[in-house]
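J.: Shown below is the structure under consideration.
The values are calculated or read from the model by the stated rules, or taken from the named source; none is laboratory data. In this text, all values refer to a predicted model and were calculated from it rather than measured experimentally. Note: ideal-geometry Cβ built from the backbone for every residue, glycine included; neighbour counts use all protein chains shown. Accessible surface areas use protein heavy atoms only, side chains included; no ligands, DNA or RNA. Shrake-Rupley method; radii C 1.70, N 1.55, O 1.52, S 1.80 Å.
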Amino acid sequence: MKKRILVVEDESIVRLDIAMMLEEAGFEIAAQVGDGEKAIELALTLQPDLIIMDIKMPKLNGLKASEIISKKLNIPILILTAYSQREYIEKAKQANIVGYLVKPISEANLIPAVEIALKQAETAETYREQLENMNKQLQQRKIVEKAKGIIMEKFNLPEDDAYKKMRKISMSQQVPMENVAKRIILKYHA
Ligand SMILES: [Mg+2]
């Protein structure tokens, strides 16, 4: 599937130019807008894979818009900057900014930067998912352990037998161990 990019730049010629370069390279333009407020609105509704954001724009500047978007969404942002704006960049550390492109923008600097940003975002997403899964598994194990402890105490059973008892309920009623454990905790440990 084509990656969808939101292009935010107030100079329409520059914006169109960037959009064309991206399309030619096989990306989809989710939308093109010219100010920071619209950028926030469209980022939230369209949830693109990447945002390319100019700094100096009417209504709301690109760094402020990036900060607001980053509080709500995990979308990588590539900043477009004029050389003189570099001093602002330090201020935007909390946003999901993954890179800076210094104007004038050419195909030779735009496309590789976009590809790297998307690749990094993908890797980060995989890590996030793995971490989430690990936490979930750990949480499930804790619940099962707790229920097992309750069974051991209530029925005066050794650990193995308590576990087997739970396993048996899980199998016969075809419910996951975690649910069996939750029921046990609710029933005996309220
Ligand atoms: Mg501008």
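J.: Which residue, S70, S170, S106, tops the fluctuation ranking in a GNM of the chain built on C-alpha contacts under 10 Å?
T.: Result: S170 has the largest fluctuation of those listed.
J.: Which cross-chain or sequence-distant (5 or more) residues have an amide H under 5 Å from the amide H of L80, H modelled 1.01 Å from N in plane?
T.: M53, D54, I55, L101
J.: Using only the alpha-carbon atoms of the chain, report the extent along each of the three principal axes, biggest first, to the nearest angstrom.
T.: 77, 32, 24
J.: Next up: Grab the other residues whose beta carbon is less than 12 angstrom from that of A25, score K and R as +1, D and E as -1, and report the net.
T.: Net of charged neighbours comes to -3.
J.: Might you report the magnitude of the Cβ-based charge dipole of the chain about its Cα centre, with Lys and Arg at +1 and Asp and Glu at -1, to the nearest 20 debye?
T.: 1500
J.: Answer with one residue from I150, I116, V14: the one whose Cα lies farthest towards the positive end of the charge dipole of the chain, charges on Cβ with Lys, Arg +1 and Asp, Glu -1.
T.: Going by the charge dipole, the pick is I150.
J.: Under a 10 Å cutoff between Cα atoms, tell me which one of A30, A65, A162 has the largest fluctuation in the Gaussian network model of the chain.
T.: Comparing A30, A65, A162 in a Gaussian network model of the chain, the most mobile one is A162.
J.: A follow-up question, please. Assuming 0.36 nm per residue, please report the length gained on full extension of the stretch K59 to S106 beyond their Cα-Cα distance.
T.: Roughly 14.3 nm would be gained on extension.
J.: Given the options L63, L78, L46, state which has the largest fluctuation in a GNM of the chain using a 10 Å cut-off (strictly under) for Cα springs.
T.: Greatest mean-square fluctuation among the candidates belongs to L46.
J.: Can you spot the aspartates and glutamates whose alpha carbon is less than 17 Å from K187's alpha carbon? Ignore those fewer than 8 places along the same chain.
T.: E145, E153, E178
J.: Now for a different question. With an 8 Å cut-off on Cα pairs and a minimum separation of 6 or more residues, tell me the relative contact order of the chain in percent.
T.: Computed value for the chain: 14 percent relative contact order.
J.: Another question about this same structure. Relative contact order, percent, of region 31-84 when contacts are C-alpha pairs under 8 Å separated by at least 6 residues?
T.: RCO, region 31-84: 41 percent.
J.: A further question on this structure: Can you give me the distance in nm between label points at L44 and E145, each placed 7 Å from the Cα along the Cα-to-Cβ direction?
T.: So the two model labels end up 4.1 nm from each other.
J.: Of L44, A181, L138, which is farthest towards the positive pole of the chain's charge dipole, taken about the Cα centre with +1 and -1 on the beta-carbons of Lys, Arg and Asp, Glu respectively?
T.: A181
J.: Report, please, the projected area of region 122-190 averaged over directions, based on the convex hull of its C-alpha atoms, in nm².
T.: Value for region 122-190: 5.5 nm².
J.: Still on this model: If a paramagnetic tag sat 7 Å from the Cα of N179 along the Cα-Cβ line, which residues of region 142-158 would have the backbone N under 16 Å from that point?
T.: 144
J.: If you don't mind, another one. Once neighbouring chains are kept in place and the probe is 1.4 Å, which whole percent of the accessible area of region 34-190 is contributed by carbon and sulfur?
T.: Solvent-exposed carbon and sulfur of region 34-190 make up 53 percent of the total.
J.: Given the Cα-Cα distance of R4 and N133 and 0.36 nm per residue of separation, how much length would full extension add, in nm?
T.: Separation in residues times 0.36 nm, less the Cα-Cα distance, equals 43.8 nm.
J.: Moving on to the next point. Report the gain in length on full extension from E11 to E153: 0.36 nm times residue separation, minus Cα-Cα distance, nm rounded to one decimal.
T.: Taking E11 through E153 to full extension adds about 44.0 nm, to one decimal.
J.: Counting helices only, and only those DSSP H runs with n ≥ 4, report the 222 nm mean residue ellipticity of the chain as the sum of -39,500 (n - 2.57) divided by its residues, in deg cm²/dmol to the nearest 500.
T.: Theoretical 222 nm ellipticity from helices: -20000 deg cm²/dmol.
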